[in-house]
Each structure stands twice: as structure tokens, then as C-alpha cells.
Amino acid sequence: MKTLDFTPLYRSFIGFDHLANLMDSAARSDKSAGYPPYNIELTAEDKYRITLAVAGFADDELEINLENNTLTVTGRKENNAEQQQKDDEKRFIYKGISERNFERKFQLSDHIKVSGADMDNGLLHIDLYREVPEALKPKTIPIGNKKSTDGLLENK
């Protein structure tokens, strides 16, 4: 497969190096990272939902962390001797449910917050929303005499 070279982005775009790093790491990511399958859904304006298919995992075997705009979902199955022995006693004709350990990372945009998570029928739902600070929201500048605009510039 052809690899992508993001070096021109580093030379041409000043201040966007974090974006080039994200694209570079996504291009180099492990191709077997398709487990578990997931959906990303826009549920309303500025509201999102990530749904991961985590069949076979209990709530206490899943962990969700948010650090530096990176949402990490980790699933760890305990490999104790009792469970291994039970699995060895079973005779599968076909085993399609993986139940293996995983770590799935999602890079979140600035101002994206996690509102909660829940499990339903083997699906882990993580709800997110965008909260733009007042300082970054668009402002209407009134048209009027010079005194009103001078006040705006001084307060800025």
C-alpha cells in the first residue's frame, strides 16, 4: 500500500503541526485496529454519540478515560485460570465473538465534553456535546456613533 508523506504540511502550514501529527498517526495506525466496531452519530446540533459493540464485556471490564482531548475506551477481560479452564472445556464449532482485550482512541475537537456513558444490549454508548465558550461565540457589533465602538475596543 502506498504511504502518505505529510512533510509538505509541516513546511507550508504554520501552527497546524498538531493537525499534521494527527493525520500522520492515523495513517500509521495499526490496520487490525478494527476491534471493536463502532459508530459515531450526530444526535442533535452539537451533540454526538459514539457506540461501540462490546459483546461479552461487563461494565466493570470497561474503562473510559479523557485526557488531552483524547477519549480512550479500554476493555480488559480477566484471564484467570478458572475462566481459561472453562473455555478449554467448551467445544466450539465456530467462535466468532472475539472477547479480546482492546483499546480504542478517539481524538476530540476542542470544546467537546463527555456527558455520560451507558451499556445497553452489548453496546457501549458514550454521549458527547460541544460547548463553545462565550468568548469564542460570534458577536454582533452594533453600527452607530464612534463613542459606542470606542468602548468596545477599550473593553477588548
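FYI, it's all coordinate maths here, none of it is from the lab. A quick note: this is a predicted structure, and the numbers were derived from the prediction, not measured. Note that each Cβ is placed from the backbone with ideal geometry, even for glycine, and that neighbours are counted across all protein chains shown.
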Between the modelled labels at residue 94 and residue 115 (7 Å from Cα along Cα→Cβ) the distance in nm is 4.0 nm
Expected sort for 123-129, 40-46 on mean C-beta neighbours within 10 Å, highest first, is 123-129, 40-46
Of all GluC sites (Glu not before Pro) in segment 99-149, the ones in DSSP coil with at most 11 other Cβ atoms within 10 Å are 131
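Please give the contour-minus-distance gain from residue 125 to residue 86: 0.36 nm per residue of separation, less the Cα-Cα distance, rounded to one decimal in nm. Before the final figure, lay out the partial values.
Values: separation 39, 0.36 × 39 = 14.04 nm, distance 3.00 nm.
This chain segment gains 11.0 nm when fully extended.
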Rounded to one decimal in nm, the spacing of the 7 Å Cα→Cβ label points at residue 107 and residue 43 is 2.5 nm
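Compute the length gained on full extension between residue 137 and residue 63: take 0.36 nm times their separation in residues and subtract their Cα-Cα distance, giving the result in nm to one decimal.
Fully extending the segment from residue 137 to residue 63 adds 23.3 nm.
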